[in-house]
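Visitor: Mind having a look at this structure? Questions to follow.
Values quoted throughout were computed directly from the atomic coordinates according to the rules given, and no laboratory measurement underlies them. Note that the structure is predicted; figures quoted are calculated from it, not measured. FYI the Cβ positions are ideal-geometry reconstructions off the backbone, even for glycines, and counts take in every protein chain you see.
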């Protein structure tokens, strides 16, 4: 199998229990932060989520969007998104099956870090974005507590047979994220997701959970965003 087939197989396998922890604790916090970032842009807009997975983010954006579509490489993930009634198609981030300027907002969370041809993926996201539109692209940040925790703990299991090491993973520092802005776009902001939370287990401590949640929302748009585990670039396409 080539790299794309490996990635598809990884996420098909992961889809069987991907949502087991999504609705609570750490994973719910990450989803809530990402939705909070996307909501102001998605309201009344034509939205595409690249790498929509099982549709947890797209489902929350769809009610406020003019239209909401998703694309994902994994049939297993897409089957669950379709169960939610979402408009999703199978495809790759590096070859989006949509016309030029089809969307006002193109977003991608938890996905681009696993795309080796990142510049091609960003170029495709820009191509399908209308002039004046917005691209929200989330990257993994090496200048973060999350990066250190990952290095210390090693790859976690995603099934009885596989770990996170089975899929390509990249880390891009904030300066590189700005440089990666595709042609005819500019980076107008960096938003931080998971600045202070040292490990997912910290969100299981009731008192600490409340403190961390408040701190994370307060830090999304602060100077500390550059040290977040996930950095969301806001790229604006030229008119």
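Visitor: Given the Cα-Cα distance of residue 222 and residue 205 and 0.36 nm per residue of separation, how much length would full extension add, in nm?
Guide: In short, 3.6 nm is gained.
Visitor: With each pseudo-label sitting 7 Å past Cα toward Cβ, what's the residue 120-residue 28 distance in nm, one decimal?
Guide: Going from the residue 120 label point to the residue 28 one covers 4.0 nm.
Visitor: Taking neighbour counts of Cβ atoms within 10 Å as a proxy for exposure, in what order, fewest first, do 106, 111, 201 appear?
Guide: Values: 106 30, 111 20, 201 11.
Starting with the residue having the fewest Cβ neighbours, the order is 201, 111, 106.
Visitor: Based on other C-beta atoms within 10 Å, arrange 24, 43 from fewest to most. Please report the intermediate quantities before stating the final value.
Guide: On the way: 24 11, 43 14.
Exposure proxy ranking, most exposed first: 24, 43.
Visitor: To continue, here is another question. Rounded to the nearest 0.05, what FRET efficiency is calculated for residue 186 and residue 79 with R0 set to 35 Å and r the Cβ-Cβ distance? Each step should come with its number before you reach the end.
Guide: On the way: r = 38 Å, r/R0 = 1.07.
That gives a FRET efficiency of 0.40.
Visitor: Can you tell me, using C-alpha contacts under 8 Å and at least 6 residues apart, the relative contact order of the chain as a whole percent?
Guide: Working: 477 pairs, mean separation 48.6, N = 239.
It comes to 20 percent, rounded to a whole number.
Visitor: Further, regarding this structure: State the three equivalent ellipsoid semi-axes of the chain, derived from the C-alpha gyration tensor as the square roots of 5 times its eigenvalues, in descending order and whole Å.
Guide: Numbers: eigenvalues 123, 93, 66 Å².
Semi-axis lengths for the chain are 25, 22, 18 Å.
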